[in-house]
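What follows is one structure encoded as structure tokens, with my remarks underneath.
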Amino acid sequence: MKLAVVGTGYVGLVAAVGFCELGHEVVCVDNDGPKLQKIRDGVMPFYEEHLQQLVRRYAGSMLTFSNDLPSAAREAGVIVIAVGTPAGENGEADLSYVEAVSREIAGAITSYKVIVEKSTVPVYTSHWIRRSMLLNGAPAGLFDVVSNPEFLREGTAVVDFLYPDRIVIGGDSQRAVDLVCSIYRRLEDGSYHSEPTGITPPRQVQGGTRIIKTSAAGAELIKHASNAFLAMKISFINAVASICEAVGADVSEVASGIGSDSRIGSQFLRPGIGYGGSCFPKDLKAFRAVAREAGYDFRLLDEVASINDEQGGRFLRKVRRALWTLKDKKLAVLGISFKGGTDDIRESPAVPIVRALAREGCHLSIYDPAAMERGREEFAECHTISFSSSAYDSAKNADALVILTDWDEFATLDLKAIRETLKYHLIIDGRNLYDPAEVVASGLGYVSMGRPDFFPENHPVAQSPESKRNGMVAVRAV
Ligand code: UGA
């Protein structure tokens, strides 16, 4: 099938190469000519595993690039809208790019097209796309609009696209829904999963992917409600982590106990410094606005957001408690992206923490495997922030090491080597990447989220009388 994918952000570009993997011809449309040229040359606008490899595999053959939306729309059978929907003033999504694209398509098409809405949008957007196209001269019989939300995560986007838990296709025209289903046939029947040159599955995959067909409004709501529910799980476990700290329990044990109830599920119960990124914070606000518009006051979502907003402050209190005053302390900071596997620092909870530490007079040496360039831009005006070439380099001559992002490589550090370079022999981990026993066995103290602080028996902190008096296990000598 011939597809036009409009927008070359995370969703658009990943979907475009994913559709090529499924055997379709795709033209990527974007009005940013220089960006398209870079992609064509194999330089990706963001870091994502497998993306560059697939763009190189298909560019020039099954994957082409264009800034001419009308002609791309005329030639494609299916037009996928994957443009940005940034937050507007009151939290509601700004749909002006979606509308602009719809208007342009309306004026261009001369034969039947299915318009697929893939951007994260509020309920009724497909209805508005349809209305806008009619108002802009597209004959009613010449197009249908289908909602096909994307559930990919940054960092594992390509794999998520090709091995999704489900595919949601919502529309009010059977013909259009069937056509969109057929695009995913190789995922539905599982034939892609045995493709020898295909991207390796993340887990044992059995059978094909389930396609869920709904109304357009249903599909739009599934996307917002899914993100809101996942954000709620994270805030829930972060709140439970605070209680664990107060009573001396270990949140990992509690999360594993809760998560092994199959009705709850173990994923998205990792406590930390809070969720970030370009989706959860924005989508939560947008869903709140959708609910308000629909006459429902979804206060639960406010609470989810406010628990999340408090996590950074809680973490900073931990750092102060561990190091006392912060002025002139030297800290090695691992990670500034909003999660591991991506160079994206949008709404990263690490960024305000770094700023606050710098404001309090700390000297920070930052290392991130992918987000260094973005970090340099973000903190260009902070003279007490420097950047290092590795985690070990960053830890050199630091007082303590602070972990802010859950990169895999931060979970497998040579802790003994790290210990040699840290003055206070201390790791403060905002992502709970380690088993405390492992850190302590390397001679380091370990402060993490929702768990007692642990120190080796011979650590100076474990010798102080306060620590011994501190009845529970806030400081436990191991
Ligand atoms: C999220 C959803 O997971 C995707 O399904 C969705 O398609 C995407 O938003 C979107 O709407 O485009 P993403 O923002 O890429 O994906 O990343 P997640 O893996 O969901 O992580 C979001 C944030 O939550 C990160 O800051 C992460 O560190 C944090 N998180 C995640 C936790 O703090 N604890 C967890 O247990 C899981």
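Rounded to the nearest 10 degrees, the inclination of helix 350-359 to the longest alpha-carbon principal axis of the chain is 40 degrees.
Can you tell me the accessible area per residue over the chain, all protein chains present, probe 1.4 angstrom, in square angstrom? Display every interim value, and only then the final one.
Values: 21270 Å² over 478 residues.
Spelled out: the 1.4 Å probe surface of the chain, per residue, equals 45 Å².
Near residue 168, the amide H atoms lying under 5 Å from its own belong to 212; only residues 5 or more places off or on other chains count, and H is placed 1.01 Å from N. Backbone phi angles across the range 131-145, fed through the Karplus curve with coefficients 6.51, -1.76 and 1.60 (θ = phi - 60°), yield HN-Hα couplings of 4, 4, 5, 5, 5, 9, x, 7, x, 4, x, 9, 7, 9, 10 Hz in residue order; Gly and Pro are listed as x. Contour minus end-to-end for residue 142 and residue 382, with contour as 0.36 nm per residue of separation and end-to-end as the Cα-Cα distance? Additional length available on full extension: 80.9 nm.
The stretch between residue 74 and residue 359, if pulled fully straight at 0.36 nm per residue, gains 97.2 nm over its current Cα-Cα span.
As a fraction of the 1.4 Å probe accessible area of the range 2-214, surface on carbon and sulfur atoms comes out at 48 percent. For the set 304, 123, solvent exposure ranked by accessible area (probe 1.4 Å, protein chains only) runs largest to smallest as 123, 304.
Paramagnetic label reach from residue 174 (point 7 Å along Cα→Cβ; backbone nitrogen cut-off under 13 Å): within the range 130-147, no residues.
A straight line joining the Cα centroids of the range 142-220 and the range 7-33 runs 15 Å. Exposure check, 1.4 Å probe, all protein chains in place: residue 323 carries approximately 10 Å² of accessible surface. Protein heavy-atom surface of the range 215-478, 1.4 angstrom probe: 54% of the accessible area is carbon and sulfur, with nucleic acids and ligands not counted.
Once R0 is set to 56 Å, what does the formula 1/(1 + (r/R0)^6) return for the Cβ-Cβ distance between residue 194 and residue 328, expressed as a FRET efficiency to the nearest 0.05? Mind showing how you got there, number by number?
Values: r = 59 Å, r/R0 = 1.06.
The pair residue 194/residue 328 has a calculated efficiency of 0.40.
Projecting the Cα positions of 196, 232, 214 onto the charge dipole of the range 181-266 (unit charges on Cβ atoms of Lys, Arg, Asp and Glu, taken about the Cα centre) puts 214 furthest along the positive direction.
Protein chains only, probe 1.4 Å: how do 232, 133 rank by accessible area, largest first? Walk me through the numbers on the way to the answer.
On the way: 232 55, 133 0 Å².
These residues rank, largest area first, as 232, 133.
According to the square roots a ≥ b ≥ c of the eigenvalues of the Cα gyration tensor, what is the shape class of the range 1-141, taking rounded for a/c under 1.5, prolate for a/b larger than b/c otherwise, and oblate for the remainder? Since a/c reaches 1.5 but b/c is at least a/b, the shape of the range 1-141 is classed as oblate.
Where nothing but the Cβ of Lys and Arg (+1) and of Asp and Glu (-1) is charged, how large is the charge dipole of the range 368-448 around its Cα centre, in debye to the nearest 20? Working shown, then result.
On the way: 7 positive and 15 negative charges, 65 e Å.
Computed about the Cα centre, the dipole is about 320 debye.
Taking amide H as placed 1.01 Å from N in the peptide plane, the amide H of residue 451 sits under 5 Å from that of 251, each at least 5 places away or on another chain.
Among the listed pairs 35/339; 339/396; 318/339; 223/285, a Cα-Cα separation exceeding 22 Å is found for 35/339; 339/396.
In deg cm²/dmol and to the nearest 500, what is the mean residue ellipticity at 222 nm of the chain if only DSSP H runs of at least 4 residues count, each as -39500 (n - 2.57), divided by the residue total? Present the calculation step by step, with values, prior to reporting the outcome.
Working: 20 runs with 203 residues, N = 478.
Helix-only estimate at 222 nm: -12500 deg cm²/dmol.
Once the Cα-Cα distance is subtracted from the 0.36 nm per residue extended length, the residue 44 to residue 306 segment shows a gain of 90.9 nm. Most tightly packed first, judged by the mean number of other beta-carbon atoms within 10 Å of their residues, the peptides 222-228, 427-433 read 427-433, 222-228.
Residue-wise HN-Hα couplings along the range 446-451, as the Karplus relation 6.51 cos²θ - 1.76 cosθ + 1.60 with θ = phi - 60° gives them from phi, are 9, 10, 9, 9, x, 9 Hz; Gly and Pro carry x.
Heavy-atom accessible area for residue 390, with the other protein chains in place and a 1.4 Å probe, reaches approximately 30 Å². Once a ≥ b ≥ c are taken as the square roots of the eigenvalues of the Cα gyration tensor of the range 136-215, is the result rounded (a/c under 1.5), prolate (a/b larger than b/c) or oblate (a/b not larger than b/c)? Prolate, because a/c is 1.5 or more and a/b exceeds b/c.
In order along the range 429-441, the phi-based Karplus estimate (6.51 cos²θ - 1.76 cosθ + 1.60, θ = phi - 60°) of 3J(HN,Hα) comes to 10, x, 10, 6, 7, 10, 7, x, 4, 5, 5, 5, 5 Hz; Gly and Pro are listed as x. Each label point was placed 7 Å from the Cα along the Cα-to-Cβ direction; for residue 110 and residue 66 their separation is 1.3 nm. Free of any chymotrypsin sites (Phe, Trp or Tyr not before Pro) that DSSP assigns to a loop and that have at most 14 other C-beta atoms within 10 Å, the longest stretch within the chain is 113-295.
Taking the square roots of 5 times each eigenvalue of the Cα gyration tensor of the range 215-478, largest first, gives ellipsoid semi-axes of 33, 23, 16 Å.
Dividing the mean sequence gap of close Cα pairs (under 8 Å, 6+ apart) by how many residues the range 2-214 holds gives a relative contact order of 19 percent.
Between residue 226 and residue 423, the FRET efficiency estimated from the beta carbon spacing at R0 = 51 angstrom works out to 0.70. For the chain, the square roots of the Cα gyration tensor eigenvalues, ordered a ≥ b ≥ c, give a/c of at least 1.5 with a/b greater than b/c, which places it in the prolate category.
The values are calculated or read from the model by the stated rules, or taken from the named source; none is laboratory data. Being a predicted model, the structure only gives us computed values, none of them experimental. Positions of Cβ are generated from backbone atoms using ideal geometry, with glycine treated the same way; all protein chains shown enter the neighbour counts. Ligands, DNA and RNA are stripped out before the accessible areas are found, and what is left, the full protein with its side chains, is counted by its heavy atoms. Shrake-Rupley method; radii C 1.70, N 1.55, O 1.52, S 1.80 Å.
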